[in-house]
Amino acid sequence: MFKKLAEILFGKDNSHPSSDGFFLNVRCSECGDKFHLFIHKSWELSQNFEEDGSVTYFFKKMIFGVGCPNRIHVEMQFDSNKNLISRQIENGEFIED
Ligand SMILES: [Zn+2]
């Protein structure tokens, strides 16, 4: 019984774990703190209505740690399929994993 349950859980974890989102990994340029955030595409992206009627998406976030005066600003742009097309960061840097 336990074996079966483990298989079900494992199978679930294995099926497109990040299809609904992505990990945003950034480092503070002031203190070097690292932040690992999971961004859910389905409700954290904002819609942007283009003049031709299509919809693209964007994401903005301010990230800051405890006891650090720095504020990291992240902006990302996505196409109509929510694929990342460009991104910008201020006061920090993206960490590639
Ligand atoms: Zn910092």
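The values are calculated or read from the model by the stated rules, or taken from the named source; none is laboratory data. Because the structure is predicted, anything quoted here is derived from the model rather than measured. Positions of Cβ are backbone-derived with ideal geometry, glycine not excepted, and every protein chain shown enters the neighbour counts.
Out of the residues in the stretch 22-71 meeting the condition of being of a type in the set (A, V, I, L, M, F, W, C) and loosely packed, with under 10 Cβ neighbours inside 10 Å, tell me which one is nearest to SER86 (Cα to Cα). Checking each candidate, the answer is PHE49.
Output the number of residues of the stretch 35-71 satisfying the condition of being more than 19 Å from GLN88 (Cβ to Cβ) and either assigned to a loop (DSSP other than H, G, I, E, B) or within 14 Å of the ligand (Cβ to nearest atom) (or both). Total satisfying the criteria: 10.
Out of LYS82, LYS60, I need the residue that is charged (D, E, K, R) and touching a Leu at 6+ places or on another chain (Cβ under 9 Å). Which one? On inspection, the qualifying residue turns out to be LYS82. MET76 meets all of the listed conditions (1) modelled with pLDDT under 95; (2) of a type in the set (A, V, I, L, M, F, W, C); (3) within 17 Å of GLU96 (Cα to Cα) but one, namely (1).
Between VAL74, VAL66, VAL55, the distinction of being among the aliphatic types (A, V, I, L, M) and without any contact (Cβ under 8 Å) to a residue 12 or more places away in the chain belongs to VAL66 only.
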